Structure formats: structure tokens, C-alpha cells
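Below you'll find the structure, written out as C-alpha cells, and then a few comments.
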């Protein structure tokens, strides 16, 4: 398999994944409907102890001449070793690698932000893996798997993209949907995702593509320290003003094309004597509110999410997209990467998604016409000219053998149980 990854290339494995989607289509599992998008972290096959400075990860520590000289000095002759005094036993405490900055010596949770760690450090084992920190988990090196799930019951993986663990989810939504359209050949009408994807850029992209976004907005209802958020302020579109909780008007005072935002604030000195000052503007300055140029798209998405259909789709997302990740981690080994490098992790993700799709197609097809058709076209002793067909035949054959083995095991257990009951019945009647 290690040679096949190099010989076949990414195209063959992606074709294998695409063929699994076609099998699901033939089984009647694919249809037009909502597309559920989500991501999960996959622990990299590398330890935090492998982190070094980025310069050290590229440049060797010594030149060839210096390395040979140090090698001769460290490996002294036997006579010199006999004359040397006995060395003291090594202590149980090991000093951290001097090349790693002191603030990163505590590998479980190093001081400093993970983005700073990724900009300064790199893993010698897997340079493409990035440092990730999550609540309840120690810091570790990881990749991220992004998937699109669709179908009648939202159970078919139609797109799978592997990125570094530090890649933000909202930046990959367009790529995931592009792969979904290309591989499934299905139109997209509704997109269901969690709050991580609720950015203005994604709302504008989906609106221009003619898709409805069932994505909660990312704006916080509460500011730092419990300060009132945007939901406490009412916008009047006819007058283009905001009304604060104290019923004071907030008018436009700036327009920033660089951030696509418009700023609103009350008149100077209004917040100094306001009774809501501690909850609205603790600093005493004029309270400001910003609004996107196309903020109505966020308002429309919030209305859809709050509706009956939106609540149902968000509930289904927890079962379907997150359920697909749970299945991939528990039964298909996606909890940890098996290989090093994002290219090989992408192959592992495609094979995992293809195995999940083939199992669902095999269960829906009784019998399995696609696998039988492929098997009939195979000539004994002659390999397929198309590597994708070879992989499909190998996967289908494995599934059929597994089904026969399970069936034989079940039948054997039933026969043994029936024989045991019959023997017990005879003993009771004879006794």
C-alpha cells in the first residue's frame, strides 16, 4: 500500500472515493436535499517532543566536517575509556531540548498562543502537522478533516478535504462545496453548518451562488465582562439608525470599505450620565455599533435558523455530520493519522470515506449488482487496466467475504444453540 500511494497518485484515490459515491447513487441513497458540512480534528502521528525551531527543522545543526570531528571526539578509544573516571549515574530529570524556547518546554500546555507556536516551531516528525489546543484536551499536533454529508438520510460522504489543524473552518466551506458538486453532480440548495461557518464572507458567497444558509451567526450576544451585545440594540432600516436600550438614537459616523462595515454611535456625552452605563459602556465613552454592508444576509440567516425548518435541520446536523465523524473515528481508524504529511492524510481520509460509502451501498443493494458486474468483467490472472476498478473490486470482494464470514458464524452459533436445546429436552424426557 505504501508503494501504491506513490505509484497511483492522488487522482486514483480520489477516483476511488468518487466511485463509491456513484455506488451510493446506484443504490438509491443520493438525492437532492440539504448538505451538511462540518470538520473534526485528527491527531497526528507525531509527538509534541518533536517540536524544534523552524530554522533548525530545515538547516542541519552541524556541517559534515564538524559532525565527523564531534563523532570522533565522542567515541573515544577503549584505553582512554579505561583511564577515565567512572561517570555518575544519570539523573531521572531530563533537561528540555535547548533548541526549543523555554515557554514551550511544558508540552501539555505551553505558555503562549498556539498561533505563535505554529509560527515559531515545527515538528521534525511531521512538519505539516500544527499545534492545536482545545478545552479539556492537552495541546497536541493534529490535522483537520472537513466533510460534506448528503443523501436521503444524510448518510453519504460526498466531499472530504484534509487540511492542517490550524486551518479555520470558515475558510474551507467554498472548497468543500466545490468538491461536493464535482463528485456528486447534485445541485445545492440548502447548506447546514454550525456557528464556526457563520461569517459575512460565507453568507455573501452562498447568496451569490443561490444557496440558502442555515448557519447561525458568529456575532456574540454578550461582550467581555457581560457587556450588552448587538441584540440589545434595535435597528431602524428606514432611518438607517440604531436605538440603544436607553432609547437614544445612534447615527452613522464612519464607513470602512476595507472591513465592509458601517459604524454607528450616540452623541458625545450621552453615555456619561446613562443609568445603563455599567452594562452598556463601562469605560464611559460613546457606545458604538458596527454593521456590515450586506448585514441583511445575516438577519435572513438568523430568521431561517430560528424557524421550524432551521431548528430541524440543525438538529439533523448533529446526528448526520457529527455521526459520520463518530463512525469514522470509532470503526475506521480516523482518530489518529496513520501516515505523515498532508498528502498521505488526504489519501487516508478518502479511503475512510469510501469505505463508509461502500458499506452503506452494499447494505442497500441486495444483491450488489455493481460489485457483481465488476466481478464478471474481471479476467482471471489479468489485472484491470484501470487502477480504480482494481480498488473497487478489492473493496467489494472484501465486503462480500466479510458478509459470508459473519453469516457462517451466525448460522454456526444458531445450529449449536438448537442442538443444545434439543439435547436438554431429550434429557428431561428420559429423566
ask   = Which one of the conditions (1) in contact with a strand residue (DSSP E or B) (Cβ under 8 Å, 6 or more places away or on another chain); (2) exposed (fewer than 15 other Cβ atoms within 10 Å of the Cβ); (3) in contact (Cβ under 8 Å) with a residue 24 or more places away in the chain does residue 314 fail to meet, given that it meets all the rest?
value = (2)
ask   = Just to be sure, is residue 196 surrounded by fewer than 20 Cβ atoms within 10 Å (Cβ to Cβ), under 12 Å from the mean Cα position of the chain (by Cα) and under 17 Å from residue 302 (Cα atoms)?
value = yes
ask   = Between residues in segment 60-75 that are at negative phi and surrounded by 11 or more Cβ atoms within 10 Å (Cβ to Cβ) and residues that are at pLDDT 75 or above and part of a helix (DSSP H, G or I), which pairs lie under 7 Å by C-beta distance while being six or more apart or on different chains?
value = 62/70
ask   = Would segment 43-59 turn up any residue that is buried (at least 17 other Cβ atoms within 10 Å of the Cβ) and either within 30 Å of residue 150 (Cβ to Cβ) or modelled with pLDDT under 75 (or both)?
value = yes
The one condition in (1) closer than 19 Å to residue 203 by Cβ; (2) in contact with a helix residue (DSSP H, G or I) (Cβ under 7 Å, 6 or more places away or on another chain) that residue 287 fails to fulfil = (1)
remark   = residue 309 passes all but one of the listed conditions (1) in contact with a helix residue (DSSP H, G or I) (Cβ under 7 Å, 6 or more places away or on another chain); (2) under 20 Å from residue 212 (Cα atoms); (3) modelled with pLDDT of 90 or more; the exception is number (1)
inquiry  = Could you list, ordered by first residue, the pairs with Cβ atoms under 9 Å in which the first is in segment 244-272 and without any contact (Cβ under 8 Å) to a residue 12 or more places away in the chain and on the phi > 0 side of the Ramachandran plot and the second is part of a loop (DSSP other than H, G, I, E, B) and exposed (fewer than 15 other Cβ atoms within 10 Å of the Cβ), at least 6 apart or interchain?
reply    = none
query = What is the number of the single condition among (1) at pLDDT 65 or above; (2) surrounded by 13 or more Cβ atoms within 10 Å (Cβ to Cβ); (3) part of a loop (DSSP other than H, G, I, E, B); (4) more than 17 Å from the chain's Cα centre (by Cα) that residue 138 does not meet?
reply = (2)
note = Residue pairs qualifying under the 7 Å Cβ cut-off, at least six apart or on distinct chains, with the first in segment 293-309 being more than 23 Å from residue 263 (Cα to Cα) and the second being part of a loop (DSSP other than H, G, I, E, B), are 305/216
query = Taking residue 219 and the conditions (1) in a loop (DSSP other than H, G, I, E, B); (2) surrounded by fewer than 16 Cβ atoms within 10 Å (Cβ to Cβ), which numbered condition does it fall short on, given that it satisfies the others?
reply = (2)
ask   = Which one of these is surrounded by 13 or more Cβ atoms within 10 Å (Cβ to Cβ) and modelled with pLDDT under 90: 343, 277?
value = 277
note = Among residues of segment 176-199 being part of a helix (DSSP H, G or I) and in contact with a helix residue (DSSP H, G or I) (Cβ under 7 Å, 6 or more places away or on another chain), the residue nearest to residue 25 (Cα to Cα) is 184
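The values are calculated or read from the model by the stated rules, or taken from the named source; none is laboratory data. None of these values were measured; they are calculated from a predicted model. Ideal geometry is used to build each Cβ from the backbone, glycine not excepted, and the neighbour counts take in all protein chains shown.
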